[in-house]
Amino acid sequence: MSRGGTDSPCRRILVVAPSYPVYTGNAGDRQLVETLRILSRRHDVALFAFRNDGREEAEGALRDSGIDLTGESDLSVGDLLWRRPFDVVMFEFWHSAWWNMAIVHERQPWASTVVHTRDVHFARSEAARQLGVMQPANREEQKARELETYAGVDGLVVHTCEDRDLLREESVVTPIMVVPLLYRTSVRADRLRDREVLFVGGFKHRPNVDGLLWFVSEAWPRVLATVPDAKLTVVGGASPPEVVALADQPGIRLMGRVPDTAPFLDAAMVSIAPLRYGAGMKGKVVEAMAAGVPVVTTSFGIQGLGARHGSEVLIGSTAEELAAHTISTLSSPDGYRELGLMGQRLIEATCSESMVAARLDDVMRSLPGSAGPSAGALTLRRAVQRGRRLAARAVRRLRRSLGGARI
């Protein structure tokens with residue numbers, strides 16, 4: 001089947017992911033589904049997952065896209081590479097590439113390789129360590145592996161300019177494309193609402209656990225002292241015991257995982273994202289802004305958006321500031337309607353479907369040619385990748401000898 005246009009030839013793309021994406025599961029899964037749908041319009045796409053979780057839901061979400069779904073329960077990724085030729089292998093997360101890059105090079109050496117990383121993992125781990133909420137094991141070793149993986153592929157896809165710039169500072173010279181999250185805006189009804197605060201976030205992601213616990217402990221009592229009828233609705237699955245225990249706190253209700261966040265966004269006066277660490281673009285923030293809901297967050301919450309305090313969002317760095325911003329929106333909802341509208345316009349300009357589709361098209365065009373290049377071209381490509389990895393290792397060794405200084 002030939003789907004590509006003259007300026008973007010049809011590619012045979014294999015996407016390798018840890019598990020099948022569940023559209024209603026988390027922002028990362030949602031974006032993977034959107035990415036697969038867009039790619040399938042111009043390319044022949046297959047999805048391989050190592051775990052069978054969510055296969056039925058993924059099949060439903062992708063049924064009309066013509067995407068082949070294959071998993072470890074069917075055959076191994078190595079067997080799949082024996083059976084079918086691909087032009088591009090795109091890995092979801094760096095560790096998927098780390099463990100499987102060699103078999104791609106062995107069985108389909110002509111295939112271009114891409115890592116799609118939702119955030120820069122070592123940056124998130126380092127921020128957590130500095131905050132004192134995590135002491136990641138083998139942190140330096142994991143960082144070295146992540147950077148070496150990025151250096152050994154033909155392309156990287158990140159969601160924010162901040163992540164791109166950070167990788168450049170770490171001497172990653174692999175081509176990096178910034179592809180924002182895709183969210184569609186919706187009309188927000190102009191009506192009276194209860195004084196409801198909304199938190200959305202899956203709790204397998206530790207920054208969400210930390211942020212919510214911090215807000216409830218340090219900011220929520222201040223909110224209730226001024227707005228005693230305020231309610232905090234928490235939406236998100238995989239709640240650990242410390243989050244479950246929040247249901248006993250005044251004004252808090254836990255909804256768990258829900259099939260659709262739209263009714264909760266429509267009901268809320270304000271959405272909060274009290275993140276103290278993290279990396280990448282935050283789905284919870286983009287989703288709320290796309291729905292026209294005023295957002296209170298931190299500098300971590302607006303990464304990749306260029307949002308300005310008081311214009312498109314309200315930004316605080318302390319629990320006191322977050323509480324004050326939340327109280328302001330609850331006390332004067334009419335005064336913050338324009339904030340929600342301005343946030344929505346920012347998302348329309350930054351995270352539209354046409355923008356994401358154009359960026360993904362740029363990614364495919366930037367990669368080396370289709371399957372079957374000459375032996376000389378293959379040798380040159382692998383030599384370039386090996387040179388990048390060796391250069392990255394040399395820079396890291398030099399930095400360690402200089403006490404971690406930038407060079």
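Taken together, the values in this text are just the output of simple stated rules run on the coordinates, not laboratory data. Not measured: the values here are computed from a predicted model. Positions of Cβ are generated from backbone atoms using ideal geometry, with glycine treated the same way; all protein chains shown enter the neighbour counts.
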Seminar exercise, completed: Label model pair R308, I103: point-to-point distance (7 angstrom along the Cα→beta-carbon line) in nm is 5.1
Exercise. For the residues M281, M255, what sequence is obtained by ranking on other C-beta atoms within 10 Å, fewest first?
Worked result: M255, M281
Seminar exercise, completed: Helix 139-151 sits off the longest principal axis of the Cα atoms of the chain, rounded to the nearest 10 on a 0 to 90 degree scale, by 60
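Looking at the square roots a ≥ b ≥ c of the eigenvalues of the Cα gyration tensor of the stretch 196-350, which shape do they give, rounded for a/c under 1.5, prolate if a/b is larger than b/c, or oblate?
Working: a/c = 1.44, a/b = 1.20, b/c = 1.19.
Rounded shape, in that the Cα axes give a/c under 1.5.
Determine, from the Cβ-Cβ distance of D248 and L75 and an R0 of 41 Å, the FRET efficiency 1/(1 + (r/R0)^6), rounded to the nearest 0.05.
It comes to 0.25.
So how strong a dipole does the chain carry about its Cα centre when Lys and Arg Cβ are +1 and Asp and Glu Cβ are -1, to the nearest 20 debye?
On the way: 51 positive and 48 negative charges, 262 e Å.
Value, rounded to 20: 1260 debye.
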Exercise. Please state the relative contact order of the chain as a whole percent: Cα pairs under 8 Å, 6+ residues apart?
Worked result: 16
For this session: Just need the relative contact order of the stretch 196-350 here, percent rounded to a whole number, with Cα pairs under 8 Å and 6+ apart.
Result: 25
Seminar exercise, completed: Here the net charge surrounding S317, from other residues whose Cβ is less than 13 Å away from its Cβ (Lys, Arg +1; Asp, Glu -1), is -2
Seminar exercise, completed: Largest fluctuation, L198, L131, L39 only, Gaussian network model of the chain with Cα springs under 10 angstrom, belongs to L131
Problem set entry | A262 versus E348: modelled label distance in nm, points set 7 Å from Cα along the beta carbon direction | 1.8
For this session: Quick one: angle between helix 375-401 and the longest Cα principal axis of the chain, in degrees between 0 and 90, rounded to 10, please.
Result: 50
For this session: Mind putting a number on the dipole of the stretch 196-350 about its Cα centre? Charges go on the C-beta only, +1 for Lys and Arg and -1 for Asp and Glu, and I need it in Debye to the nearest 20.
Result: 340
Exercise. What does the charge dipole of the stretch 264-363 about its Cα centre add up to, to the nearest 20 debye, if the Cβ of each Lys and Arg holds +1 and the Cβ of each Asp and Glu holds -1?
Worked result: 220
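Roughly speaking, what is the stretch gain from C161 to D68, that is 0.36 nm per residue apart minus the C-alpha to C-alpha distance, in nm to one decimal?
On the way: separation 93, 0.36 × 93 = 33.48 nm, distance 3.19 nm.
Answer, rounded to one decimal: 30.3 nm.
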Problem set entry | Residue-averaged [θ]222 nm for the chain, counting only DSSP H segments that reach four residues, each worth -39500 (n - 2.57) | -13500 deg cm²/dmol
Exercise. Along the positive direction of the dipole of the chain (beta-carbon charges: Lys, Arg +1; Asp, Glu -1; about the Cα centre), which of W214, C10, G66 reaches farthest?
Worked result: C10
Exercise. Sequence-distant or interchain residues sharing an amide H contact under 5 Å with V258, placed H: which?
Worked result: G236
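How much length would be gained if the chain were fully extended between E141 and S217, taking 0.36 nm per residue of separation minus their Cα-Cα distance, in nm to one decimal?
Values: separation 76, 0.36 × 76 = 27.36 nm, distance 3.44 nm.
Residue separation times 0.36 nm, minus the Cα-Cα distance, leaves 23.9 nm.
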Problem set entry | Using a Förster distance of 35 Å, the FRET efficiency for R337-S366 (Cβ separation, nearest 0.05) | 0.25
Exercise. Tell me, how many Å apart are the Cα centres for the stretch 124-148 and for the stretch 185-230?
Worked result: 29
Exercise. Quick one: which of 259-272, 16-29 comes out on top by average Cβ neighbours within 10 Å, and what's the full order, highest first?
Worked result: 16-29, 259-272
Seminar exercise, completed: With R337 itself left out, Lys, Arg at +1 and Asp, Glu at -1 over residues whose Cβ is under 12 Å from its Cβ give 0
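Rounded, prolate or oblate: pick one for the stretch 260-364, where a ≥ b ≥ c are the square roots of the eigenvalues of its C-alpha gyration tensor, a/c under 1.5 means rounded, and failing that, prolate if a/b is larger than b/c, else oblate.
prolate
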For this session: Calculate how steeply helix 27-42 sits against the longest principal axis of the alpha-carbon atoms of the chain, using the helix alpha-carbon long axis, and give the answer as 0 to 90 degrees to the nearest 10.
Result: 50
Exercise. With the Cα gyration tensor of the stretch 29-125 giving a ≥ b ≥ c as the square roots of its eigenvalues, does the rule (a/c under 1.5 for rounded; else a/b larger than b/c for prolate; else oblate) give rounded, prolate or oblate?
Worked result: rounded
Exercise. Hey, could you pull the Cα Rg and Dmax for the chain, both in Å?
Worked result: 22.2, 72
Problem set entry | Backbone HN-Hα couplings from phi across the stretch 290-296 [Karplus 6.51/-1.76/1.60, Hz, Gly and Pro as x] | 4, 8, x, 8, x, 10, 10
